[in-house]
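Taken together, the values in this text are just the output of simple stated rules run on the coordinates, not laboratory data. The model shown is predicted, which means the values in this text are computed figures rather than measured ones. Here the Cβ positions follow ideal geometry from the backbone for every residue, glycine too, while neighbour counts run over all protein chains shown.
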Amino acid sequence: MSFGCILLIGTLDSKGHEAGFVRDRLREHGLETLVIDAGSSGPPTIDPDIARSEVFRLAGTSSEEVEARRDRGESVTHAARGVARLVEKLQVERTILGAFGLGGSAGTLIATSGMRQLPFGVPKVMVSTVASGQTRSYVGASDITMCHSVADLAGLNRFTRSVLNHAVLALVGMVTLDRQHSPIEGTGPVIAATMFGVTTPCVDQARKRLEAAGAEVLVFHATGTGGAAMEGLIRDGQITGVLDLTTTELADELVGGILSAGPDRLEAAGRRGIPQVVSLGALDMVNFGPRETVPERFQGRTFYQHNPAVTLMRTNPEENQALGERIAEVLSRARGPSVLMVPRGGLSALDAPDRPFHDPEANEALFDAIRSGISPGSHVQILWCDEHINHDHFSKRASEALMELLSLPKGDACLRTS
């Protein structure tokens, strides 16, 4: 009896022969496949295990209606939605060992919509014509492996066979070799932490202290995808506690920067009720690309050129007030223990008396909004710290606050509240 299956997702009207090649290669290696047809413009060239009629039914329409309308954009949207819902359903019914997809931009969108429903650690390989470009919309916060097809996947030849075969071997190795070795597991609690270049000294020291106490610390770069990935792992139940010291992605979401993690940033830990220590790291900045890409409406603001590709803009008092209100509102709804660390001495490496983003008025707007948004009787504990966020004492207090919430051994230093 098979111990599970590989999901093979493709548009079998245009990529059927290529999908058949992949299916046969997977079977040669002893892996059962479940072929899903997400095509819409013609009959499938190989027989699927799950027909497109089921895909479009789950999307709330029918394959006949989609084919009759002949709207490619609409067809792809429906197919992506249907595949995502199908994968969710299949996870309940079967053991999914991995997923394989192949296609152009439309096929990539459809297949990865399904792959993103699979949890972290389930191997996912996508052979795509767009894998060498901007892939965030396809990969999102998932652990999808993107393989560039180099040539278009339009027929089988020595080049496309080679690319597809290598991708098959990669997936086979991920699935079979992983089962032959001991699981990669740890014994301590798993901590999710957020870091930016301008908060690295703080988070690095906190990480080392937590690791010394027996925890495993996953550090996420707060670049939008990092925060989204962390929120996803928290939602999946993979995280024990959170050290969210760098909440800068909230500023990009509010103001319109390029590193937003979406409107649900900061929500997952509170919803699951797991312990969290949160701070205000890098809320003094919003991220943009090269200087010429900064929207015209921001002319006259304070900027810092981090490098030729990254322009940082200082948040102003109005924006910081809104950020403080947002943080207070979200933390006040948290179901688990929450500590908010406030670094009065500065929010990032650029926010200090001799640095370009030093703006006490803007910071006070943030602090005042937090002070009024989280009342003294709230279950949220606020630790007001005079130090800069990158000061070693602040880092120590943050790590020890989380150790206390998780009942981990810590030093003798007391946590002072005021």
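Some notes on this structure:
- Tilt relative to the chain, helix 317-332 - C-alpha long axis, 0 to 90 degrees, to 10: 70
- Dividing the summed -39500 (n - 2.57) terms of all DSSP H runs of n ≥ 4 by the residue count of the chain sets its mean residue ellipticity at 222 nm at -11500 deg cm²/dmol.
- Put a dot 7 Å past the Cα of Asp204, heading toward its Cβ, do the same for Glu364, and the two dots end up 3.4 nm apart.
- Between 0 and 90°, nearest 10: helix 392-406 axis offset from the chain longest Cα axis: 60
- Pairwise Lys count, the chain - Cα closer than 25 Å, eight or more residues apart or different chains: 6
- Which labelled figure in [x] 0.95; [y] 1.01; [z] 1.04 is Rg/Rh (Cα atoms, Kirkwood Rh), once derived from the coordinates: [z]
- Shown in residue order for the range 57-74 are the 3J(HN,Hα) couplings computed by the Karplus curve 6.51 cos²θ - 1.76 cosθ + 1.60 at θ = phi - 60°: 5, 5, 7, x, 9, 9, 5, 5, 5, 5, 5, 5, 6, 6, 10, 4, x, 5 Hz (x for Gly and Pro).
- Selection from Val125, Leu254, Val217 lying farthest towards where the dipole of the chain points positive, charges on Cβ: Val125
- Under a 5 Å amide H cut-off, with hydrogens placed 1.01 Å from N, Met285 pairs with Thr315 among residues at least 5 apart or on other chains.
- Per-residue 3J(HN,Hα) values for the range 356-363, derived from phi via the Karplus relation 6.51 cos²θ - 1.76 cosθ + 1.60 with θ = phi - 60°, read x, 9, 5, 8, x, 5, 5, 5 Hz in sequence order (x marks Gly and Pro).
- Gap separating the Cα centres of the range 15-33 and the range 231-301, nearest whole Å: 41
- The ranking of Glu88, Glu54 from fewest to most other beta carbons within 10 Å of each one's beta carbon is Glu88, Glu54.
- Listed peptides 390-403, 133-146, 200-213 by packing density, highest first (mean Cβ within 10 Å): 390-403, 200-213, 133-146
- Nearest 10 degrees, 0 to 90: helix 200-212 Cα axis against the chain principal axis: 80
- In a reduced charge model with +1 at each Lys and Arg Cβ and -1 at each Asp and Glu Cβ, the chain shows a dipole moment near 640 debye about its Cα centre.
- Close amide H partners of Thr246, meaning residues 5 or more places away or on another chain with modelled amide H under 5 Å apart, are Thr194, Ser279, Gly281.
- The HN-Hα couplings worked out from phi for the range 292-301 by the Karplus form 6.51 cos²θ - 1.76 cosθ + 1.60 (θ = phi - 60°) are 6, 8, 5, x, 4, 5, 9, 4, x, 7 Hz, whole numbers, x standing for Gly and Pro.
- Estimated inter-spin distance, Ser132 and Arg344, nm [label 7 Å along Cα→Cβ]: 5.6
- The chain - share of DSSP beta bridges that are antiparallel (%, nearest 5): 15
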